[in-house]
Structure formats: structure tokens, C-alpha cells
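> First, the structure itself, so that you have it in front of you.
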Amino acid sequence: MTTEIVIVGGGVGGTVTANRLQKELHREVSSGDVRIRLVSETPYHVYKPTFFYVPWGEAEPEDASRPLADLVDRRIDLVYDRVTHIDTSGKSLDLAENGSIPYDYLVVATGAAPDIEGTPGFGADGNGHHIYDAEAAMELRRELSAFDSGRLVFSVVEMPHVCPAVPIEFTMLADARFRQLGTRDDIDITYTYPISQLHSVDAAAEWVEPRFDDRGIETYTEFAFDTVDSDAEVIHAADGTELEYDLLVGVPGFEPSPLIAESGLGESWMEVDKHTLESDHADGVFGVGDVTNIPTSKAGSVAHYAAGTVVDRVAALARGHEPRTTFDGDAICFLEAGTDSGSHMSFTYDSEPVIRNETEFVHWAKLAYNETYWLTARGLA
Amino acid sequence: MSGEQLDPNAESVQNALDTLVELEETGTLDDLAAAANVVSLAAEAVDEDMVRSTTRALVHAGELFDSAAGEPEAIRNLELLTAALSDTAADPADPPDGVGPIGAARKLNDPQVKRGMGFLLTLLAELGEQLDTRARRYDFETGVDEDRI
Ligand SMILES: Cc1cc2nc3c(=O)[nH]c(=O)nc-3n(C[C@H](O)[C@H](O)[C@H](O)COP(=O)(O)OP(=O)(O)OC[C@H]3O[C@@H](n4cnc5c(N)ncnc54)[C@H](O)[C@@H]3O)c2cc1C
């Protein structure tokens with residue numbers, strides 16, 4: 001009998017998991033003892049960090065995406081369809097168009113989606129900008145190309161936000177760009193964050209404070225959006241503060257696919273054991289990446305490292321062994337400090353990051369990583 | 001640390017000084033200074049586009065190697081083809097004689113040619129199958145292999 005392994009979601013976590021499982025279980029797949037399927041609602045793999053560069057004209061949206069068929073090992077079956085329900089007792093998935101498929105082991109990697117309409121100032125009736133999809137990033141590029149005076153407000157509106165570095169990097173990059181363009185004297189940059197420090201990671205908050213100071217970036221902490229008057233271009237905070245803007249850019253709220261709650265895998269985010277990444281609610285079901293409730297950042301590196309643990313565990317189970325590998329919350333994020341230098345932070349569940357001074361080499365390392373990412377997606381490195 | 005006075009008797013400061021003295025005595029400090037010069041030369045010479053384009057080229061090569069590494073049988077067959085290529089007209093100054101239609105028909109009876117023909121015909125059949133599979137994987141409209149669902 002064939003052991004059916006199904007992965008849902010063809011983003012960072014799903015693609016890395018599928019390719020690494022194939023490498024690990026290649027003998028079992030060749031002999032027909034195991035079949036690996038990847039179900040993705042889109043035939044494209046999107047590397048979202050590329051969107052960060054789009055508003056500045058340093059990347060095009062097309063650079064972010066490649067057909068899954070280019071990246072996923074040919075021995076893995078690809079199914080382009082949306083999973084509408086997971087029946088964890090009958091161990092099967094319902095697909096929007098193609099009936100249902102069974103699984104013995106399931107890896108859920110459906111990511112986190114921005115809740116644009118639910119974020120004050122960013123929906124259809126607002127004029128807030130973001131970089132969480134290709135169109136929005138292009139729209140922001142148009143705005144920025146005409147923006148040479150006024151106040152740019154960068155706001156983290158809701159937590160948790162996907163990719164911890166984006167707010168810091170975007171703000172510092174804007175500062176550096178406006179300086180290069182000679183418009184910085186006519187542009188005020190304001191940064192708002194919803195908790196009592198400038199970033200949720202303590203070390204990042206400490207690192208960024210003097211750097212924002214040096215650059216003359218005004219900051220507001222514990223800044224909770226209440227409403228936004230888009231016509232008057234004013235943000236009304238819950239504590240009564242009013243903040244005017246000419247260009248509002250921000251991080252909206254994020255939410256998991258409704259599939260999680262509907263399938264009983266968690267009230268909101270998918271509830272898993274933070275070390276084994278196994279579902280708290282179902283046997284043989286694992287979670288990887290942004291969709292899970294593990295107590296760390298929602299970042300590509302976390303999805304990538306977590307995939308390694310899940311691959312080892314699923315492979316052990318498929319071979320009838322007791323799985324041993326566990327996940328310690330490994331995360332690594334670059335922190336760009338403008339246009340030509342960067343630093344990085346790495347941390348685990350139990351260790352706080354140390355963030356060093358920025359250097360040009362780390363900046364290059366980030367640029368290089370963005371290119372080598374396609375090898376990571378293939379399950380290498 | 002900035003703004004605070006260093007305590008010259010502190011253990012960490014003593015350790016750092018000891019390390020420095022050792023590096024000086026062994027000549028490593030000079031090597032490090034020389035290395036730092038090379039690094040700063042590299043920093044001057046390299047620009048972002050070089051980093052991006054070089055890495056991109058390496059990644060393309062890496063993808064090819066990855067595909068090859070996952071296909072050990074293909075590599076064996078490639079080696080077979082390279083060996084056959086090496087032995088075919090090995091002397092560039094002495095190409096094989098021309099063969100007409102009758103000569104070609106006669107060659108088809110050669111047991112080695114028959115074996116090679118078997119390989120080529122199997123290759124053609126596999127090629128056809130792979131073309132079908134690839135077309136299915138890139139069919140973004142239906143996008144599922146109906147046979148398997
Ligand atoms: C602008 C930006 C910059 C970033 N920068 C960095 C960075 O510098 N470093 C870093 O580490 N991280 C960064 N990130 C975060 C990183 O991109 C995410 O953490 C990572 O993509 C998470 O991977 P994932 O597999 O969990 O989800 P995703 O990559 O989002 O993939 C989820 C996939 O599941 C599919 N899916 C969802 N529901 C279903 C369903 N029901 N059926 C079938 N398929 C479904 C989706 O279509 C999608 O393809 C950034 C993110 C953004 C947006």
C-alpha cells in the first residue's frame with residue numbers, strides 16, 4: 001500500500017518541505033511505497049520578499065514569481081486547486097474543483113494573508129499603501145515617484161506582522177532614498193508601532209532607536225489605529241492622538257486561511273506543538289510557516305528551518321520509526337540599514353538576538369541571499 | 001560600552017590584551033591587516049549589480065547541478081553518451097568515410113548498431129512520455145493529473 005503524503009500550499013514552507021521530502025524519501029517514492037503531492041491554489045511560487053524592492057524600482061513583480069513546475073521535483077505530483085476542507089478523522093482533503101484526496105501524513109503550509117479590508121485606512125475606502133502583493137507594491141512605486149515633499153507615515157497597524165524586518169528596513173530605506181534624491185529636507189518621516197517599544201524583538205528595538213534618532217525619524221509607540229479619515233489624511237489613534245499624513249504606508253493585519261478554523265485545526269492560527277510542529281488537534285497533521293501559532297516571527301527563514309524538522313519527522317513516520325528531530329524556533333532575518341549596509345539577527349525560542357553594527361558585506365549577503373533563494377526553494381541549502 | 005571607562009584590570013580587558021600580544025608576536029596581526037586591505041579593496045571594486053548578477057549566474061548553474069544530482073541514472077547515461085562521443089571519430093583529421101543508402105541499410109544489420117538503435121528508440125518513447133508529463137505540470141488551467149486523482 002502506498003503511503004500518501006500531502007502538502008498544502010506552494011509558498012516557502014510547502015515548496016521546501018516537498019522538495020526535501022523527495023530528496024529524503026527518493027527510494028520509497030521510486031518504488032511506489034510513498035507518493036508525495038503538493039496542492040497549491042496557484043501554479044506559481046511567489047517569493048514575497050522581492051515585493052520590498054518593487055516600490056523603489058529595484059525589482060519587478062515578475063521577479064518574485066516562478067512556475068511551481070520549475071521548482072518542484074518532477075517526481076512530486078502537483079495539483080493546482082484550493083483545499084476547501086480537511087477531514088482530519090477520515091484523513092482526506094476536499095478540493096474546490098477536483099473532488100477529494102486521501103492522506104496519511106499532511107503538512108499544512110497555507111501562510112498568512114493580509115487583511116487589507118479589515119485594516120483601518122487601507123481598504124477600498126482608504127488611501128494607505130502596502131507591499132504585500134504585486135499590485136500594491138506597483139501602486140506604491142507610482143506614489144513614491146511623485147512624492148517629493150510632505151509627511152510619510154510608516155505604521156505597523158496590527159500584530160503579528162509578517163517578516164519582522166520590514167518596518168525597520170522600509171523606514172530606513174525611505175530615509176536613504178530621499179537623501180539620495182535630495183528631497184529628504186522636504187519630507188518628514190514618522191514611524192508608528194502598536195506596542196510600547198519600537199519593535200517587538202527587544203534587541204531590534206534597541207538597535208533601531210539610535211539609528212532612527214540619527215536620521216531624524218519621528219516615532220510614536222503604543223500607537224493603536226482607531227480610525228483613519230482618508231479625505232482629511234488624518235489617523236485617529238485610540239488614545240486620541242491625531243497624526244496627519246501625506247503618504248501612509250503600513251503593515252496591515254494578517255490572518256490565516258479560514259480553512260484552519262473550519263477544519264478544527266485552531267481557532268485562528270493553526271495550533272501546533274512548538275517543538276514537534278504536530279497539530280494539537282489531529283494525528284499525522286503538521287504545520288509549517290506563517291500559518292502556525294508558534295511563538296516566533298512569521299518569517300521565511302522560520303518556514304525554511306521548520307520545514308527541515310517536519311521533513312525528518314514525516315520521513316521517520318513513513319518508514320515506521322519514532323521521529324526524533326525537534327524545532328528550537330531557529331530564525332534569521334537581515335536588517336537593512338538604508339541602501340548600502342545591513343545587519344542581521346538570529347534567535348531561537350530560548351535565545352535573544354544580538355544585533356551588530358551594520359556593514360556593507362551583510363548588505364551584499366542579503367542581495368546574494370535573495371538570488372540564492374531559488375536554490376533554497378528547491379530544497380538545497 | 002561607549003561613555004564608560006575601561007577598567008585595565010578587568011579580566012576581559014586582560015584577556016583581550018593577551019590575545020593582541022599573541023597575535024602581534026606570531027605575526028598574525030600583520031596578516032590580518034593585510035587581509036583587511038584585501039577586503040577593503042574588494043569592497044571598493046564590487047558593486048551591487050556584480051553581486052546580483054554573479055549570484056544569479058551561480059544559482060542557474062546550481063539549479064542544473066541540483067537536477068543532475070537528483071538523477072543519478074541520467075548521469076550514467078550521459079557518461080555513456082560522452083564515452084561513445086569520445087570514441088566516435090576520435091581523430092579530427094580523419095573523419096569516417098561517407099555512407100550511402102545501401103551502406104546504411106547494411107550497417108543496420110550490425111549487432112552494435114542494433115543495440116544503439118534500441119537505445120535511441122527507447123529514448124524517443126521516454127521523451128514522448130516526459131513531454132506529456134511536463135505539459136500536464138505546466139497546464140495551469142486544469143493543472144491536475146486526472147489519472148492520479
Ligand atoms: C514584503 C515582504 C517581505 C518579506 N521579507 C522577508 C525577509 O526579508 N526575510 C524573511 O525571512 N521573510 C520575509 N518575509 C516573510 C516571508 O515571505 C513569509 O514568512 C513566508 O513566505 C512564509 O512562508 P509560508 O510557506 O508559510 O507561506 P507563503 O509563502 O505565504 O505560502 C502560502 C501558500 O499557500 C497557498 N494557499 C493558501 N491557502 C490555500 C488553500 N486553501 N489551498 C491551497 N493553497 C493554499 C497560498 O496561495 C500560498 O502559495 C517577507 C514577506 C513580505 C510580504
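The values are calculated or read from the model by the stated rules, or taken from the named source; none is laboratory data. Quick caveat, the model's predicted, so the values are computed rather than measured. All Cβ positions, even for glycine, are placed from backbone atoms using ideal geometry, and neighbour counts span all protein chains on display. Please note that ligands, DNA and RNA were not included when accessible areas were found on the heavy atoms of the full protein model with its side chains. Shrake-Rupley method; radii C 1.70, N 1.55, O 1.52, S 1.80 Å.
> Given the conditions (1) hydroxyl-bearing (Ser, Thr, Tyr); (2) out of contact with any helix residue (DSSP H, G or I) (no Cβ under 6 Å at 6 or more places or on another chain); (3) surrounded by 12 or more Cβ atoms within 10 Å (Cβ to Cβ); (4) farther than 30 Å from residue A:365 by Cβ, and given that residue B:86 satisfies all but one, which numbered condition is not satisfied?
The failed condition is (3).
> Among the residues of the stretch B:23-77, what is the count of those that are hydroxyl-bearing (Ser, Thr, Tyr), within 23 Å of the chain's Cα centre (by Cα) and farther than 30 Å from residue A:29 by Cα? Write out each step before concluding.
Let us first name the residues in the stretch B:23-77 that are hydroxyl-bearing (Ser, Thr, Tyr), namely B:26, B:28, B:40, B:53-55, B:67.
Next, only the ones that are within 23 Å of the chain's Cα centre (by Cα) stay: B:53-55, B:67.
Filter again for farther than 30 Å from residue A:29 by Cα, leaving B:53-55.
Total satisfying the criteria: 3.
> What is the one condition in (1) open to solvent by 50 Å² or more (accessible area, probe 1.4 Å); (2) within 16 Å of the ligand (Cβ to nearest atom); (3) in a strand (DSSP E or B); (4) more than 14 Å from every other protein chain (Cβ to nearest Cβ) that residue A:86 does not satisfy?
Unmet condition: (1).
> Okay, moving on. Conditions first: (1) more than 9 Å from the ligand (Cβ to nearest atom); (2) open to solvent by less than 10 Å² (accessible area, probe 1.4 Å). Residue A:292 passes all but one, so which condition is the exception?
(1)
> Scanning for something of a type in the set (D, E, K, R), assigned to a loop (DSSP other than H, G, I, E, B) and more than 10 Å from the ligand (Cβ to nearest atom), does the stretch A:17-36 turn up at least one residue?
Here is the first cut: in the stretch A:17-36, the ones of a type in the set (D, E, K, R) are A:20, A:23-24, A:27-28, A:33, A:35.
Subsequent filtering for residues that are assigned to a loop (DSSP other than H, G, I, E, B) retains A:33.
After this cut, where a residue has to be more than 10 Å from the ligand (Cβ to nearest atom) as well, the list is A:33.
Checked the stretch A:17-36: at least one residue is of a type in the set (D, E, K, R), assigned to a loop (DSSP other than H, G, I, E, B) and more than 10 Å from the ligand (Cβ to nearest atom).
> A further question follows. Among the residues of the stretch A:307-314, is any in contact (Cβ under 8 Å) with a residue 12 or more places away in the chain, assigned to a helix (DSSP H, G or I) and within 11 Å of the ligand (Cβ to nearest atom)? Before you say what the answer is, go through the steps one by one.
First, the residues of the stretch A:307-314 that are in contact (Cβ under 8 Å) with a residue 12 or more places away in the chain: A:307-314.
With the extra rule that they be assigned to a helix (DSSP H, G or I), the set shrinks to A:307-314.
After this cut, where a residue has to be within 11 Å of the ligand (Cβ to nearest atom) as well, the list is A:307.
Yes, that holds for at least one residue.
> So residue A:62 clears everything in (1) closer than 23 Å to residue A:130 by Cα; (2) open to solvent by 20 Å² or more (accessible area, probe 1.4 Å); (3) within 11 Å of the ligand (Cβ to nearest atom) except one condition, right? Which one?
The one condition residue A:62 does not meet is (3).
> Right, next: If you check every pair at least six apart or on different chains, which have Cβ atoms under 6 Å apart with a residue in the stretch A:47-66 that is not assigned by TED's automatic domain parsing to the domain that holds residue A:138 first and a residue that is buried (at least 18 other Cβ atoms within 10 Å of the Cβ) and of a type in the set (S, T, N, Q) second?
If the second residue must be buried (at least 18 other Cβ atoms within 10 Å of the Cβ) and of a type in the set (S, T, N, Q), the pairs left are A:59/A:50; A:63/A:50; A:64/A:50.
> Can residue A:322 be described as farther than 17 Å from residue A:18 by Cβ and surrounded by 16 or more Cβ atoms within 10 Å (Cβ to Cβ)? Step through it out loud before you land on a result.
Details: farther than 17 Å from residue A:18 by Cβ: yes; surrounded by 16 or more Cβ atoms within 10 Å (Cβ to Cβ): no.
Considered against the rule, which asks whether it is farther than 17 Å from residue A:18 by Cβ and surrounded by 16 or more Cβ atoms within 10 Å (Cβ to Cβ), residue A:322 comes out as no.
> Could you give me the residue pairs with C-beta distances under 6 Å whose first residue belongs to the stretch A:360-377 and is more than 16 Å from residue B:46 (Cα to Cα), whose second residue is open to solvent by 30 Å² or more (accessible area, probe 1.4 Å) and more than 13 Å from the ligand (Cβ to nearest atom) wherever it lies, and which are 6+ apart or on separate chains?
What qualifies is A:371/B:56; A:375/A:381.
Results for (1) in contact (Cβ under 8 Å) with a residue 12 or more places away in the chain; (2) within 12 Å of the ligand (Cβ to nearest atom); (3) under 19 Å from residue A:256 (Cβ atoms), shown as yes or no for each residue.
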residue: A:91; (1), (2), (3): yes, no, no
residue: A:114; (1), (2), (3): yes, yes, yes
residue: A:139; (1), (2), (3): no, no, no
residue: A:142; (1), (2), (3): no, no, no
residue: A:147; (1), (2), (3): yes, no, no
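> Residues that are away from every other protein chain (no Cβ under 12 Å), surrounded by fewer than 21 Cβ atoms within 10 Å (Cβ to Cβ), near the ligand (Cβ under 8 Å from one of its atoms) and among the aliphatic types (A, V, I, L, M): does the stretch A:37-57 have at least one?
yes
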